[in-house]
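Taken together, the values in this text are just the output of simple stated rules run on the coordinates, not laboratory data. For clarity, every value in this text was computed on a predicted model and none was experimentally measured. Virtual Cβ from ideal backbone geometry, glycine too; neighbours counted across all protein chains shown.
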Amino acid sequence: MPHYLLTGGVGFIGSHLVKALLDRSVQVTVVDRRSPDESPILQSGSGARDFDFIQADLRDSCETARLMARSKPDVVYHLAAQPLSILSNIDPLDTVQDNILGTYSVLEAVRNHSPHSRVVHASSACFYGVPVSEPPLLETDPPAVGHYVYTATKIAADFAVQHYRHIYKLDCVSARMVNVYGPGDIHLERLVPRVVMQALRGEAPTLTQSDGNDVLSFLYVDDAVKALWLLGRHPNTTTRPVWNIAGSAPLSVLELMRRTYGLVGQSIEAFAAVGPRRGAPVHKYLDGEAIRENLGFSPSVDLDDGLRLTIEWYRQRLDVAGARQVEVQGVRG
């Protein structure tokens, strides 16, 4: 039976990937600092805990080496990270340790103790900075400076994976995913969860340092999981070091807000802008032709359907008071 090890498997994308792997009847090991009980996705559904769990801090390279030597998985999905851009500017060093040191720790553990493992690293479209031109971004486009320390850490981790592939001939790739959204994301610092909760509360939406004219693309979490699953098992994965995981057709943030509010039966009269906007409007969306042509992946959940599913999850499982508490505490995953 194939053995899949997930770092950060208690987080938003990781927990969905855990459940998808369990549905495929493979052996799953989850490594995370937090307990699975902290994931609203892993708490739900029968058989949701049918996996091995190791509570560990990946920044400890000795601990990471020991768990990799014991597990020797066929595939390592490295999703563990400090995921919040805003928090990275508040505590840069913590983000550097999680996102860069944690990645090197995993790569070293694989190199020394499980060199046969395929490593799929969850990278980000933030690799490309804050582009203002309209053509979709290709995997060959260079990294660029962003507004957050988070961008620098994801670029560094992305390049670490590429260098371990080049120098040590490890089977490792990076998946640069566009904005992932869907049920289970409790981080209201991110755009979609925040707008959904504000719509459900009947509040005016808020934007931070934006006038709503940024043009972005969004990827429903089930599609992100499908792409990661393919990267973990498809023979063509090894043909290139980086794969863009593109999402929906690009649209402005204002249009995203209008659609979200419309789906809950409301309209937007006005929105609150927090702080002056930063520079020209961003146009950030990815070219996904490589993974479509080589692995057969294209997103299957359109934006409106994905928003409906997301809204329904929040409506049923996360009350307004609870959401406010999450927002204040800034829960990380």
On Cα atoms only, tilt of 303-317 relative to the major axis of the chain in degrees: 90 degrees
Globularity index of segment 1-111, i.e. its alpha-carbon radius of gyration over 2.2 N^0.38 Å: 1.05
For the chain, with +1 on Lys and Arg beta carbons and -1 on Asp and Glu, the positive-most of Q266, L84, I54 along the dipole: I54
Charge tally in the Cβ shell below 15 Å around V161, where Lys, Arg are +1 and Asp, Glu are -1, V161 excluded: +3
Convex hull volume per residue for segment 161-301, taking Cα atoms only, in Å³: 129 Å³
Residue-span extension gain [A280 to C62] - 0.36 nm each, minus C-alpha spacing: 73.9 nm
Among R118, R292, R70, residue whose mean-square fluctuation peaks in a GNM of the chain (springs only between Cα atoms under 10 Å): R70
Directionally averaged projected area (convex hull, Cα atoms, the chain), nm²: 15.6 nm²
13 Å cut-off, amide nitrogen to a point 7 angstrom out along R315 Cα→Cβ, residues in segment 192-214: 197, 199-202
Gaussian network model of the chain, Cα within-10 Å springs - most flexible of I167, I155, I311: I167
By average C-beta atoms within 10 angstrom, highest first, the peptides 76-89, 252-265, 127-140: 76-89, 252-265, 127-140
Fraction of beta bridges assigned by DSSP in segment 173-310 that are antiparallel (%, nearest 5): 15 percent
Relative contact order, percent, the chain [alpha-carbon distance under 8 Å, six or more residues apart]: 18 percent
Rounded to 5, the percent of DSSP beta bridges in the chain classed as antiparallel: 5 percent
Full-stretch length increase - A272, I167 - with 0.36 nm per residue and alpha-carbon distance subtracted: 32.9 nm
Linear extension gain, S300 paired with T206, 0.36 nm per residue minus alpha-carbon span: 30.9 nm
Mean residue ellipticity (222 nm) of the chain, computed from DSSP H runs ≥ 4 via -39,500 (n - 2.57), nearest 500: -12000 deg cm²/dmol
Sequence-separation-based contact order of segment 72-144, relative, with Cα cut under 8 Å and 6+ spacing, percent: 40 percent
Residue among D74, D171, D91 with the largest mean-square fluctuation in a Gaussian network model of the chain, springs linking Cα atoms under 10 Å: D91
